[in-house]
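A.B. asks: Structure below; questions to follow.
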Amino acid sequence: MNSAVRTPGAWRHGQEKIDWARRFMPVTETLAGELLRARTLAGLRVGLSLVLEPKTANLALRLAEAGADVSVVCRAVNTRDDVAAALDRAGIAVFARSDASAATEQLLRTEFLARRQQILVDDGARSIRLAHSASADVLGALRGASEETTSGLRPLRAMAGAGRLRFPVVAANDARSKTLFDNDHGTGQSTVLAVADLLGTVLTGKSVVVAGYGYVGRGVARSARALGARITVAEIDPIRALEALHAGYRVAPLVEAAAAADILISATGFAHTVDVEHLSALPDGAAVAVAGGVDQEIALEAAFGSGASTRRTADRIDEIDLPNGRTVLVLDNGGCINCTAGEGNPIEIMDLSFGVQLLAVEYLALEGSGLAAEVHTLPASADARVAHAKLSSAGIRIDNTGEAVR
């Protein structure tokens with residue numbers, strides 16, 4: 001049992017959640033079974049640096065059943081202590097607790113990497129980047145890593161371009177069976193429901209501004225509109241702005257859109273998307289949140305530096321008093337709202353994403369030693385295996401290549 005776990009006695013509650021999620025994860029179950037039968041992962045040390053909740057726990061347990069030596073690390077804000085306790089009891093090495101300070105988080109991540117994983121599965125590239133400053137033993141053991149977020153891949157591609165990436169990374173985020181469903185449907189739905197739940201409000205008639213119209217922004221806009229909101233999209237890419245216009249949304253610069261917003265949701269994955277000028281433009285009482293995201297996507301540090309003050313007024317809601325006299329609501333300190341305040345993406349959606357991650361691990365196990373230290377696309381055949389597994393679990397058949405379609 002791992003002393004890093006905060007509430008070991010809560011393992012039964014965590015196990016109940018894990019068992020419930022497992023019922024809706026046929027893709028993860030199927031592909032992990034294939035890896036077990038092939039013995040691809042036998043004895044392989046695999047580290048998961050992901051949001052620690054019941055769906056991730058199932059990925060960890062299925063990897064362990066397939067023969068891998070699995071360890072898990074997570075930021076405090078994304079850690080469910082009862083789930084951590086259940087994994088710990090099952091023999092998974094856990095380096096996460098919800099009350100960890102920033103210094104403790106760093107220590108836990110360092111201890112996690114000291115297990116000398118051969119493959120890392122990351123969300124946000126924190127462990128991948130930290131591994132680059134770790135000992136030669138840690139770096140020498142790594143065959144490669146898989147990254148599942150857009151914002152995590154950006155710095156890794158920059159590192160590769162500068163010749164600083166030390167091992168191959170699979171862009172799990174770019175697999176179609178991940179991006180088209182996780183980023184769009186999953187994050188969109190879970191973000192909007194988390195925001196509505198925290199605020200205790202209906203969205204009917206509300207003015208919702210979505211900053212960014214990538215896959216996440218599209219999902220947020222569509223889900224909010226489905227609940228009756230009036231949507232304005234702010235986007236710097238002219239093609240994406242045109243897409244938003246053709247989807248029936250109003251399009252405007254962010255500072256202009258913010259001035260009439262009831263709720264502003266950032267979906268870009270860039271720091272300072274919602275800067276001080278945008279916060280100051282919001283009407284009194286408007287709320288602002290982040291879907292997915294990176295640190296300081298809402299520029300709170302800059303706002304406080306300009307004279308703003310804050311106070312907690314409700315669970316995960318802070319009132320920010322701005323120098324212009326207006327007060328805005330910041331949800332869960334600008335964190336990834338669907339993961340920190342909600343339960344993350346729906347189970348069936350993460351089942352697809354974790355199917356992608358399983359096959360990224362398989363790819364690195366089989367091919368990692370021959371791959372260059374670059375960011376690699378998961379082979380299309382692996383992506384298709386995930387989709388076929390999902391269709392098969394639902395009893396859906398499709399035409400095979402070469403068959404006439406009638």
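The values are calculated or read from the model by the stated rules, or taken from the named source; none is laboratory data. Note that the coordinates shown come from a computational prediction; the quantities given were computed from them, not determined experimentally. As a convention, Cβ positions derive from the backbone with ideal geometry for all residues, glycine included, and neighbour counts pool all protein chains shown.
A.B. asks: Given (1) buried (at least 17 other Cβ atoms within 10 Å of the Cβ); (2) modelled with pLDDT under 95, identify the lone condition not met by Val251.
C.D. replies: (2)
A.B. asks: Any residue at all in segment 307-316 that's crowded, with 16+ Cβ neighbours inside 10 Å and either in a strand (DSSP E or B) or of a type in the set (Val, Ile, Thr) (or both)?
C.D. replies: no
A.B. asks: Find the residue count for segment 354-406, including only residues that are surrounded by fewer than 21 Cβ atoms within 10 Å (Cβ to Cβ), among the hydrophobic types (A, V, I, L, M, F, W, C) and over 18 Å from Leu63 (Cα atoms).
C.D. replies: Going through segment 354-406 one residue at a time, the tally reaches 13.
A.B. asks: What number of residues within segment 74-96 are over 14 Å from Thr56 (Cα atoms) and under 18 Å from the mean Cα position of the chain (by Cα)?
C.D. replies: The total comes to 2.
A.B. asks: Restricting to segment 369-384, count the residues that are closer than 18 Å to Thr149 by Cα and touching a strand residue (DSSP E or B) at 6+ places or on another chain (Cβ under 7 Å).
C.D. replies: Counting residues in segment 369-384 that are closer than 18 Å to Thr149 by Cα and touching a strand residue (DSSP E or B) at 6+ places or on another chain (Cβ under 7 Å) gives 4.
A.B. asks: Checking Phe167 against (1) under 30 Å from Arg222 (Cα atoms); (2) in contact with a Gly (Cβ under 6 Å, 6 or more places away or on another chain); (3) assigned by TED's automatic domain parsing to the domain that holds Pro379, only one condition comes out false. Which one?
C.D. replies: (1)
A.B. asks: Output the residues belonging to segment 342-382 that are at pLDDT below 95 and acidic (Asp, Glu).
C.D. replies: Glu343, the sole residue that qualifies.
A.B. asks: Got at least one residue in segment 81-101 being surrounded by fewer than 24 Cβ atoms within 10 Å (Cβ to Cβ) and farther than 16 Å from Thr7 by Cα?
C.D. replies: yes
A.B. asks: Give me the pairs, please: first residue somewhere in segment 186-202 and surrounded by fewer than 21 Cβ atoms within 10 Å (Cβ to Cβ), second residue anywhere and among the aromatic types (Phe, Trp, Tyr) and part of a helix (DSSP H, G or I), beta-carbon distance under 9 Å, and either six or more positions apart or on two chains.
C.D. replies: Matching pairs, first to second residue: none at all.
A.B. asks: Let me spell it out: the conditions are (1) surrounded by fewer than 17 Cβ atoms within 10 Å (Cβ to Cβ); (2) of a type outside the set (A, V, I, L, M); (3) in contact (Cβ under 8 Å) with a residue 12 or more places away in the chain, and Glu301 meets all of them except one. Which number is the exception?
C.D. replies: Result: Glu301 fails condition (3) only.
A.B. asks: Looking only at segment 236-277, which residues are in a loop (DSSP other than H, G, I, E, B) and either closer than 18 Å to Thr150 by Cβ or not assigned by TED's automatic domain parsing to the domain that holds Ala289 (or both)? Let's see the steps before the verdict.
C.D. replies: Here is the first cut: in segment 236-277, the residues in a loop (DSSP other than H, G, I, E, B) are 236-237, 247-249, 252-253, 259-262, 267-273, 275.
The answer is Ile236, Asp237, Ala267, Thr268, Gly269, Phe270, Ala271, His272, Thr273.
A.B. asks: Is it true that Ala141 is surrounded by fewer than 24 Cβ atoms within 10 Å (Cβ to Cβ), at pLDDT 95 or above and either over 30 Å from Val210 (Cα atoms) or aromatic (Phe, Trp, Tyr) (or both)? Break it down stepwise before answering.
C.D. replies: Working: surrounded by fewer than 24 Cβ atoms within 10 Å (Cβ to Cβ): yes; at pLDDT 95 or above: yes; either over 30 Å from Val210 (Cα atoms) or aromatic (Phe, Trp, Tyr) (or both): yes.
Answer is yes for this residue.
A.B. asks: Scan segment 104-119 and tell me whether some residue there is of a type in the set (A, V, I, L, M, F, W, C), within 20 Å of Gly355 (Cβ to Cβ) and buried (at least 24 other Cβ atoms within 10 Å of the Cβ). Break it down into steps so the answer makes sense when it comes.
C.D. replies: Filtering segment 104-119 for residues of a type in the set (A, V, I, L, M, F, W, C) gives 107-108, 112-114, 119.
Checking the rest, the ones that are also within 20 Å of Gly355 (Cβ to Cβ) come to 119.
Those left that are additionally buried (at least 24 other Cβ atoms within 10 Å of the Cβ): 119.
Scanning segment 104-119, I find at least one residue that is of a type in the set (A, V, I, L, M, F, W, C), within 20 Å of Gly355 (Cβ to Cβ) and buried (at least 24 other Cβ atoms within 10 Å of the Cβ), so the answer is yes.
A.B. asks: Just the residues that are without any contact (Cβ under 8 Å) to a residue 12 or more places away in the chain and not in a helix (DSSP H, G or I), please, taken from segment 136-165.
C.D. replies: Residues satisfying the conditions are Ala162, Gly163.
A.B. asks: Among Asp184, Asp237, which is charged (D, E, K, R) and closer than 18 Å to Ile347 by Cβ?
C.D. replies: Details: Asp237 fails: closer than 18 Å to Ile347 by Cβ.
The unique qualifying residue is Asp184.
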